[in-house]
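These notes concern the structure reproduced below.
The values are calculated or read from the model by the stated rules, or taken from the named source; none is laboratory data. What you see is a predicted model; the values in this text were computed from it and never measured. A quick note on method: Cβ atoms are made from the backbone with ideal geometry, for glycine too, and the neighbour counts reach across all protein chains shown. Just so you know, the surface numbers come from the protein's heavy atoms only, side chains and all, with ligands and any DNA or RNA stripped out. Shrake-Rupley method; radii C 1.70, N 1.55, O 1.52, S 1.80 Å.
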Amino acid sequence: MLIKQPEKFFSKNYVVCICAILCCVLWGSAFPCVKIGYKLFDVDTQNVPSLMLFAGTRFALAGVLVIIFGSILKRRFLLPKAKNLWRVGLLSVFQTIAQYTFFYIGLANTAGVKASVLNGLGVFFTIIAACFIFRTEKFNLIKFAGCVLGFGGVILINLGGDFSFTFTLLGEGFVIFSGLSAAVAAGLVKVFSKYEDTTALCGYQFFMGGTVLVIIGLATGGEFRPVAVGSIFMLLYLGFLSACAFTLQGFLLKFNPVSKVAVFKSTNPIFGAVFSAIILGESDQLLSYTTLIALVLVCAGIFIINKFGEKSLKFKKSG
């Protein structure tokens, strides 16, 4: 491997900062790019099999890119250990199959700006999963306060200009379910990377999960076709951003506390909202006071959890 001491390298503060923000920039760009991809490939967004086929193609491609990159670095063909295939399979269920089935369907039924803010809930779900499922952290009042702020932002983003609560299961609901799947996946990466090479784990879970989605999509009548010159380039970019972001995150999670990495995800909904506003022309929704306040609440909640979450509240006794 080019990096001889990955543990020392990926635990440096400036490396964590640069890599984590790069991941959030890439993930943020995915919101508008997926929507553009639907148009470039003439994907029927009301047809679930077609959405699954499109998502599967993207992630199978991402898996191939990670495997090729890892093989070049290792100077041998990258393969997971046979005893870890079940770990690869389980991770692919949450990180690729479930997360992106929910994400693609949800994104097709809600605005990019709104989806990016809702997706920020994944950070809170990750904290809750770490506390109550994987039990690697303790839950306290500070973390509870941060979660309240975050969920407050989610409620606010669902209030229209006339303060009507707009929420659909296939839209906002599925974006939230996607965040839940991502939270479980982050915990699994942290645990499984102790037993398997991180690059192999990420690459093969992508390829396995993407292949499953492709098979399901084809078997149930899904279809898409390129209708513009930039179609293939967009698909390659979507595959690249997933390969790069998730592999980097895998290394960061392996060599750092989850909270140290998660603090930077406060920028994820911001990048997603900004890119959606610029690329999709959703600037009116981005600049609305409800969206801006919601962004502040979500980011404040994430910051509080990661900055003060491990500190205990101390109360002075009166008298």
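At 1.4 Å probe radius, can you tell me the per residue accessible area of the chain in Å²? Walk me through the numbers before you get to the answer.
Numbers: 14700 Å² over 319 residues.
Accessible surface, normalised per residue, equals 46 Å².
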For region 9-119, whose charge dipole is built from +1 on Lys and Arg Cβ atoms and -1 on Asp and Glu Cβ atoms, the candidate among ALA115, THR57, GLY70 with its Cα farthest towards the positive end is GLY70
Integer Hz, Karplus 6.51/-1.76/1.60 couplings in order for region 116-127, x for Gly and Pro = 5, 6, 4, 5, x, 5, x, 5, 5, 4, 5, 5
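Between ILE155 and VAL191, what length comes free when the chain is fully extended (0.36 nm per residue of separation minus the Cα-Cα distance, one decimal in nm)?
Numbers: separation 36, 0.36 × 36 = 12.96 nm, distance 3.24 nm.
Value of the extension gain: 9.7 nm.
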With a 1.4 Å probe and every protein chain left in place, tell me how much accessible area VAL227 has, in Å² to the nearest 10.
-> 80
Point-to-point label distance, PHE303-GLU223, nm (Cα→Cβ direction, 7 Å offset) = 5.1
Sorted by average packing, counted as other Cβ atoms within 10 angstrom per residue and highest first, what order do 200-208, 40-48 take?
-> 200-208, 40-48
Give me the Debye-computed log₁₀ of I(q)/I(0) at q = 0.14 Å⁻¹ for region 16-165, equal point scatterers on Cα only, no solvent, two decimals.
-> -0.96
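If packing is taken as the average count of other Cβ atoms within 10 Å, what order do 80-88, 272-280 fall into, highest mean first?
Working: 80-88: 14.4, 272-280: 21.2.
Output ranking for 80-88, 272-280: 272-280, 80-88.
Largest first, what is the accessible-area ranking of LYS12, LYS39, LYS307, LYS260 with a 1.4 Å probe? List each step's numbers first, then the result.
On the way: LYS12 90, LYS39 165, LYS307 115, LYS260 60 Å².
Putting LYS12, LYS39, LYS307, LYS260 in descending order of accessible area: LYS39, LYS307, LYS12, LYS260.
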Along the positive direction of the dipole of the chain (beta-carbon charges: Lys, Arg +1; Asp, Glu -1; about the Cα centre), which of GLY173, ALA98, SER288 reaches farthest?
-> ALA98
How long is the gain from ILE279 to LEU169 if the chain were fully straight, where each residue apart is worth 0.36 nm and the alpha carbon distance is subtracted?
-> 37.0 nm
Taking every pair of alpha-carbon atoms in the chain, what share in percent sits in each 10 Å bin, from 0 to the bin with the longest distance?
-> 6, 27, 35, 23, 7, 1, 0, 0
Using amide H atoms built 1.01 Å from N in the peptide plane, name the residues 5+ places from PHE224, or on other chains, whose amide H lies under 5 Å from its own.
-> none
Per-residue SASA entry for GLU223, accessible area with 1.4 Å probe, Å² rounded to 10 | 130
Selected from THR247, THR198, THR168 as most flexible by GNM, with the chain as the system and alpha-carbon contacts under 10 Å = THR168
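Can you figure out the FRET efficiency of SER288 with GLU7, using R₀ = 51 Å and their beta-carbon distance, to the nearest 0.05?
After rounding to 0.05, the efficiency reads 0.70.
Using a probe of 1.4 angstrom, how much of the accessible area of region 13-165 is carbon and sulfur, in percent?
Carbon plus sulfur share of accessible area: 71 percent.
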Once you have a ≥ b ≥ c as the square roots of the Cα gyration tensor eigenvalues for region 9-87, tell me rounded if a/c is under 1.5, and otherwise prolate or oblate according to whether a/b is larger than b/c.
-> oblate
Listed highest first by mean packing, meaning other Cβ atoms within 10 Å per residue, what order do 98-107, 51-60 come in?
-> 51-60, 98-107
Using the reciprocal of the averaged 1/r over all distinct C-alpha pairs, how large is the Kirkwood radius of region 55-131 in Å?
-> 14.9
From the backbone phi of region 30-42, what are the Karplus-calculated ³J(HN,Hα) couplings (6.51 cos²θ - 1.76 cosθ + 1.60, θ = phi - 60°) in whole Hz, Gly and Pro given as x?
-> 5, 4, x, 5, 5, 4, 5, x, 4, 6, 5, 10, 6
